[in-house]
Structures are given as structure tokens and as C-alpha cells.
Amino acid sequence: MSTKNRIGVVIGAILILLWCLLPVAWIVSLSFKSQEAITNGSPGFLPSSGGGAGWQNYADVLADEQFRRAIFNSIGISLIATGLSVIIATLAAYAIARLEFAGKRFVLTLALVIAMFPVVSLVGPLFDMWRTFGIYDTWPGLIIPYMSFTLPLAIWTLSAFFREIPWEMEQAAQVDGATSWQAFRKVIVPLAAPGVFTAAILTFFFAWNDFVFGISLTSTENARPIPAALSFFVGSDPFNRPASLLAAGAVVSTIPIIVIVLLFQRKIVAGLTSGAVKG
Amino acid sequence: MAGIQMKNIVKQYGDGFPAVNDVSIDVEEGEFLILVGPSGCGKSTLLRMIVGLEDITGGDMVIGGKKVNDLAPRERNLSMVFQNYALYPHLTVYENIAFPLRLAGKPESEIDEKVREASKTLELDEHLERKPGNLSGGQRQRVAMGRAIVRDAEAFLFDEPLSNLDAKLRGQMRTEISRLQKRLGITTVYVTHDQTEAMTLGDRVAVLKRGVLQQHATPRELYENPANLFVAGFIGSPPMNFLPANVKGNQVELPFGTVTIPEDKAAKAQGKGLLIAGIRPDHFEDADVVDKDKVTDEATFKAKVDVVEWLGNEAYAYIPFEAPTEVREQLAQLEKDLDGESLRTQLVVSLDGASRVSEGDEATIWVDARKIHLFDPATGENLTMDADNAGIIPGGNAMAKAEEIGEEQDAV
Ligand SMILES: Nc1ncnc2c1ncn2[C@@H]1O[C@H](COP(=O)(O)OP(=O)(O)OP(=O)(O)O)[C@@H](O)[C@H]1O
Ligand SMILES: [Mg+2]
């Protein structure tokens, strides 16, 4: 790559980063300003003198019982949905990649159709159904729709990974004395790990960021996840919303996602299968 | 350790493709058996049926006196080296070798001891902590072998384990495998389409064509007494020469002249019309370098040499000839079956390195007439075979049967 090219790439990257990160930076900036400073107007990026709140907003947010409960809900619901979704998707994708069975194409097409279904159109029926079933405003009431919307994508991603793994790997394991299940667990799943973690990240994102289900299928802090909780976070004066507290809440709620991505990203090492067979 | 008996094994794939047809082979305990044949003849299929990765359509597979047709691979306790090694890329070399032991739930101390022993045998000690992806082809091959020998399996199965290596390494690994098998004394079935491996490694060799067993014999028996044209053409390098021949009494008319063959051989070939004579390149010699008392008019002919390849210890001379149409067709078909492509009918003659014959010369060539085989061009059968020294030849006409099956296969 020529120097000119490299400079172009760097400038382009900076522009894109600015574009994407400016709002985030602004939220962070807001979260460190005091409520009065914001109400009085504080246009600068850095807090004006005397308008800084230090960590006070964060302390207030974390001290809030409702907020803590919402964080707990979000983490619990997202992790359970991710776990279940990845396990089911792994098994389903394996079957799709390895077995010939009647209706295979149907399953795949159906999965795609579900993935394309607009989320909003399901909210009404789900609201009625969940109330009848008695799972309205509970964790399962959110976990189920999250799974049904993330499974298709997870299945498609994973079956692509499974197809890449040579059949011989599994046969070698069977000859070495493994049952089909052992071969799957000890050889196939580790080899498909990048796919498993990709699917996990996608699912976790969806569940964590969901607002529509979170706000319509919950009514109390019993199951209300963070995005919905933030919108209910009005503070003492309903006409004067605590922008700085909200900003601090928003920043706190992005932290788990950053942690999860950093954790999983290490596992997504491409080309893990290289060396399995003579290429 | 156990013997393996294949009894009338048949394999028909889901699409109706008859890949293996009524093959019966008896592998004795501790024997090194080679399965050989051209590409697509069903060698891998047969091996995979032994190990249990492929369902058996018909016949019995008996290992150690027990019928195993319906047993899963892990219940057969065989170990296999795959053509592409199939190492586990996410595990280190150590863990790759330890894998079968861990599955068997062996205690840690025993695992460690056995893995170290295998790695020592295969000189893998300094690579134990590396991943297969970072190893060379030969090292990967040794890891695959390690995984196979670490466990006390009933038998070893190899599917073209050397085909991915370069020529030099292949030679080294070949002797390595041979030594290892001799030392461990374990029953081994080895698939290859390389006839050098077949000749050098095996106690016995089973030659397959189109899923039909052609002959099951020692390398020497195959070389000296091939059952039919196919086996004759497949075994030996450079391959056997096939010439049109007319037998009159004990005189055989070849394109270059007439030679005299022993009475008993001639008797078997009487009244069959035009035949195909098979003569190995090394059964010819430059008359100038042969002992004088062997050179008689009945055993020599004169021919114009087209090309000479001198290799030091020996030289190959090429002598083109014209073949009558009926023989030419059979020979062209044979070429195709053997994965060959030469369309020219020519004689390949292996001469002593001392021979001074050069290109364009009119040379006097001596032929060892006792070694000539005569084949029936219609069926491919060897008429002059010494049946007592030809190993096991399946009943019926195997080559003709293979041709029939071939038509069935082409139809699928
Ligand atoms: N799953 C399958 N379905 C249908 N036909 C198959 C299948 N697997 C193999 N065959 C056919 O069976 C025949 C024998 O295949 P096999 O793999 O045993 O050949 P091979 O002798 O091992 O050849 P090579 O030396 O090329 O490995 C081939 O002609 C192949 O086309
Ligand atoms: Mg094969």
C-alpha cells in the first residue's frame, strides 16, 4: 500500500469514528455534568466550571433501586436468551448441515421468514397471549420472543460454520472411540467455536438492545429491561427529566455489552480449522 | 489383535452405484494386506466398511471371529489413518494422540506414558505442544500414525496415508510404516493406488477393479503369475508390454519375429487364434550383453529403437509397433482402465546399463521366452498362468465381471 493510500485510510477511519462516536462521547460528557448545569444550558463538551458533577450521577443512578433491578433483569434475560438460543441453534444447525431429512429446506426457509418478520407486528398478539398464559411481565415472557427472533440468524450462521468442518473430523473421532455425541461435543463444537460466539454476540445484542418487547410486554420492574426502564426514568419532576442521570444510566447500560464483546471476540479466531486436513 | 474376514461383501450406494461387488478377502492375524486398484475402484469404500463408517449392503464382515456388520465404529476397536490425516486442529499434538485414550477413560498416568512412548517411536517429542496447523506434511502424517498406534487396536487401517507427501518423504515414511508394522505385528489393511507401495509393503496384495476382486496374492505371485490382463498391466513399473501374438506349436509369432516358448505353456494356448502376449520390460535384454550361450535365433529379434532413456544402472528403449485392430481396441480399453493415456502401441524394453544401443539403431534384442504370458483377448484371462503360484483368484472371470459391473456403474 502506498503512503498516499495509507493516509487516505487513516483519514477515512477517523471520519467514520467521529461520526459514530460523537453521540457516545456526548452522552458521556452529559453524564458528568450536574443537573443544574444542563437545565441552565451548558453547551460545551467539557463541563463549565462549577457545572461538573464528578461521579455523582453514577452514584445516584446505581443507588436507584429501580435502575439496579432493570440492570439485573436485562443481564439475566439476555444471558438466558443467549444461552438457550445458542444451544438450540447449535444442535439445529448441526442437524441441518450434516443430516439429510425431509423438510430440511422448509426449516431453513421458515427460519429466514421468521427472521424477516417485523417485530412490531407481533407485539399485539403476544401481549394478549402472554396475559392469557400468565407470563406477561415475567422473564420467560421476554426470553421467548428474543429467542424466536435470534434463532434463525444463529442457525444460519452456525450451519455455515458446520458445513466448513470436514466430515472426516467426526469420523476420525468415531473411529477413535467416540459416540456421536462425544464427537459432536469434543470435536465439532470446538471447531465451530467462532461461529458459536458470533451467534452468541448477535443474540446478546438483540436481547440487550430490544426496546419494543421490553416496553410492551412488561408493566413493572419485575421484568422490565434497561432500555424500557430508562424511558420510565423520570425522577421527581415529570416535566423536567433528569438528563444527566439518564446519560449516566445509558453509559452504565452499555458497559455489559462492551465487556461481552471483548470477552467473546477473543474466541472468534478465524481459520481455526486450518491444519485439520492437508489443504 | 485379530484377523479380518470379508465374506461376499457388497456395497451399493444410495444412488444405486455398485461400488464393491462380492469381495471375499481373508486377512490373517498380523498380516499386512494391501488393497490396490485404480481410482474409483472401491478401495476406500471397502476400508470404510471394515472400520464401520459405511453400511454394508450385503455379506459378512468378521473381525476376530465376531460378525461386526451392525457394530458402530467405536465398538470395533480398530484404528485408522485417514488420507488427509483428519487431525483435530484445536488440540495439541499431545492431545491429538491422547484423544482415543481419553475417550476410553484411561487414567492420566497411563495416558501420559502411552503418548510419550508413541511420540518417541515416531520422533514427535519436540512437537508435542504444537498445534497440527503448524506442522509439516510429514509431521502431521506421523501424528495421525501416533493417534492410531497409541491404543491397543485390533487392527490398523490406512487409507492412502502417503499420497499427500512428496516423493522422498513418501519413501521414508514407507519404510517407517513397514518397520512399525513388523515391530508391533498388528493386522494391517492398507489402501493405495501406488503399485510401488503395494509391492514393497504388503505380505499379500488384493487387486480390485470396478469393485471386483481380481487376484489376492503375494507381490511376487502377482508379478510372476498375474491372473489376467488387468492385473498384469497394473502390477509392475514400467508396465508389462502387450503384443499381438499367434501361437503355432511352440512358436509364438510376435510383431518383431518368432520366439519359442516352453511346451507346457504352448499347450495351454493352442487353437485360440489371435492372442495377446505379455512380456515384462526386464525380460528383454540387449543380445550383446547377454551370455553368449543364451542367445539363439529362437530367442532374439531385430528391431529399430525409437527412443532410449539411459538411467545409469539400466536403460529403457522404446520400440513402436503396429497392432491389428482387434488387439488394439482391447489394449486401448486396458490403458483406460489402468488410468493410463498412451495411445501409441510401443514396446518398452529394459536394457542393462552397459548396453550401447542408441536411438535409431537396429538392435538385436533377446527375450526370455520362459517368462512370456499369453492372454485371451476376449476375456483377458491369462492362459499360461501357473495356478499353483498365483495366490487366490476368485471363481468366474473376474475381469469380464468387472467390465459388466463397469457398464452398470456408468449407467448410474
Ligand atoms: N457417497 C457416495 N455415493 C455414491 N457413490 C459413491 C459415494 N462414495 C463413493 N462413491 C463411488 O464409489 C466408487 C468407489 O469410491 P472409493 O472412494 O471407494 O474409490 P477409491 O478406490 O478409494 O478411489 P481413490 O483411489 O480415488 O480414492 C467411486 O466410483 C465413487 O464415485
Ligand atoms: Mg480412496
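Quick notes
- The criterion of at least 2 residues that are more than 12 Å from chain A (Cβ to nearest Cβ) and within 16 Å of ligand 1 (Cβ to nearest atom) is met, among helices (runs of 4 or more DSSP H) falling completely within the stretch B:125-207, by B:195-201.
- Residues of the stretch A:157-193 satisfying the condition of being in contact with a Leu (Cβ under 6 Å, 6 or more places away or on another chain) and either part of a helix (DSSP H, G or I) or β-branched (Val, Ile, Thr) (or both): A:ILE165, A:GLN171
- Checked against the criterion of being at pLDDT below 75 and part of a loop (DSSP other than H, G, I, E, B), the stretch A:248-267 has at least one qualifying residue.
- The residue of the stretch B:29-51 that is nearest to ligand 1 (Cβ to nearest atom), among those that are at positive phi and touching a Leu at 6+ places or on another chain (Cβ under 8 Å), is B:GLY42.
- Output for the stretch B:55-80, where each listed residue is touching a Phe, Trp or Tyr at 6+ places or on another chain (Cβ under 9 Å), within 16 Å of ligand 1 (Cβ to nearest atom) and not hydroxyl-bearing (Ser, Thr, Tyr): B:MET80
- Some residue of the stretch A:228-242 being β-branched (Val, Ile, Thr), modelled with pLDDT of 90 or more and in the same structural domain as A:PHE117 (by TED's automatic domain parsing): no
- When A:THR203, A:THR198, A:THR157 are checked against the criterion of being surrounded by 24 or more Cβ atoms within 10 Å (Cβ to Cβ) and more than 12 Å from chain B (Cβ to nearest Cβ), A:THR203 stands alone in meeting it.
- Wholly within the stretch A:30-133, helices (runs of 4 or more DSSP H) carrying at least 3 residues that are within 26 Å of A:ARG224 (Cα to Cα): A:56-63, A:65-98, A:104-116, A:120-133
- Strands (runs of 3 or more DSSP E) wholly inside the stretch B:1-55 containing at least 1 residues that are within 18 Å of the chain's Cα centre (by Cα): B:18-27, B:32-36
- Within the stretch B:116-171, being small (Gly, Ala, Ser), more than 16 Å from ligand 2 (Cβ to nearest atom) and in contact (Cβ under 8 Å) with a residue 40 or more places away in the chain holds for B:GLY133, B:GLY146, B:ALA148, B:ALA153, B:ALA155.
- When B:PHE99, B:PHE17 are checked against the criterion of being away from ligand 1 (no atom under 16 Å from the Cβ), in contact (Cβ under 8 Å) with a residue 24 or more places away in the chain and in the same structural domain as B:PHE156 (by TED's automatic domain parsing), B:PHE99 stands alone in meeting it.
- Of all residues making up the stretch B:54-75, the number that are within 11 Å of chain A (Cβ to nearest Cβ) and either out of contact with any helix residue (DSSP H, G or I) (no Cβ under 7 Å at 6 or more places or on another chain) or surrounded by fewer than 21 Cβ atoms within 10 Å (Cβ to Cβ) (or both): 3
- Residue in the stretch B:176-186 that is of a type in the set (Asp, Glu) and more than 24 Å from B:PHE375 (Cα to Cα) present: yes
- The set of residues in the stretch B:139-164 that are in contact with a Lys or Arg (Cβ under 8 Å, 6 or more places away or on another chain), among the hydrophobic types (A, V, I, L, M, F, W, C) and more than 20 Å from B:LYS43 (Cβ to Cβ) contains only B:VAL150.
- Taken as a whole, the condition of being under 33 Å from the mean Cα position of the chain (by Cα) and under 18 Å from A:VAL61 (Cβ atoms) does not apply to A:ILE14.
- Strands (runs of 3 or more DSSP E) contained entirely in the stretch B:324-398, each with at least 3 residues that are surrounded by fewer than 20 Cβ atoms within 10 Å (Cβ to Cβ): B:346-352
- One residue from A:ARG131, A:ARG105 being under 26 Å from A:ILE155 (Cα atoms) and surrounded by fewer than 19 Cβ atoms within 10 Å (Cβ to Cβ): A:ARG105
- Residue satisfying all of: in the stretch B:185-196; away from ligand 2 (no atom under 15 Å from the Cβ) and either out of contact with any Phe, Trp or Tyr (no Cβ under 8 Å at 6 or more places or on another chain) or among the basic types (Lys, Arg) (or both); modelled with the highest pLDDT among these: B:GLY185
- Qualifying residue in the stretch A:164-184 (condition: among the polar types (S, T, N, Q), more than 30 Å from B:ARG74 (Cβ to Cβ) and either surrounded by fewer than 19 Cβ atoms within 10 Å (Cβ to Cβ) or out of contact with any His (no Cβ under 7 Å at 6 or more places or on another chain) (or both)): no
- Residue match in the stretch B:301-318 (condition: assigned to a helix (DSSP H, G or I) and either at pLDDT below 90 or outside the structural domain of B:ALA378 (by TED's automatic domain parsing) (or both)): no
- Among the candidates A:ILE75, A:ILE96, A:ILE71, the residue that is in the same structural domain as A:GLU221 (by TED's automatic domain parsing), surrounded by 15 or more Cβ atoms within 10 Å (Cβ to Cβ) and over 19 Å from the mean Cα position of the chain (by Cα) is uniquely A:ILE96.
- In the stretch B:32-44, the residues that are within 12 Å of ligand 2 (Cβ to nearest atom) and crowded, with 23+ Cβ neighbours inside 10 Å: B:LEU35, B:VAL36, B:GLY37, B:CYS41, B:GLY42, B:LYS43
- Among the conditions (1) crowded, with 17+ Cβ neighbours inside 10 Å; (2) without any contact (Cβ under 8 Å) to a residue 60 or more places away in the chain; (3) more than 16 Å from ligand 2 (Cβ to nearest atom), the only one that B:LYS7 does not satisfy is (1).
- Annotation for the stretch A:9-27: no member residue is assigned to a loop (DSSP other than H, G, I, E, B) and of a type outside the set (Gly, Ala, Ser).
- The single condition from (1) away from ligand 2 (no atom under 16 Å from the Cβ); (2) in contact (Cβ under 8 Å) with a residue 60 or more places away in the chain that B:GLN409 fails is (1).
- A Cβ distance below 6 Å, combined with a sequence gap of six or more or placement on separate chains, defines the contacts here; from the stretch A:216-235, residues that are part of a loop (DSSP other than H, G, I, E, B) reach residues that are of a type in the set (Ser, Thr, Tyr) in the pairs A:ALA223/A:THR138; A:ARG224/A:THR218; A:PRO225/A:SER74.
The values are calculated or read from the model by the stated rules, or taken from the named source; none is laboratory data. Just so we're clear, the structure is a prediction, and the values are computed from it rather than from any experiment. Heads up, the Cβs are rebuilt from the backbone with ideal geometry, glycines too, and the neighbour counts pull from every protein chain shown.
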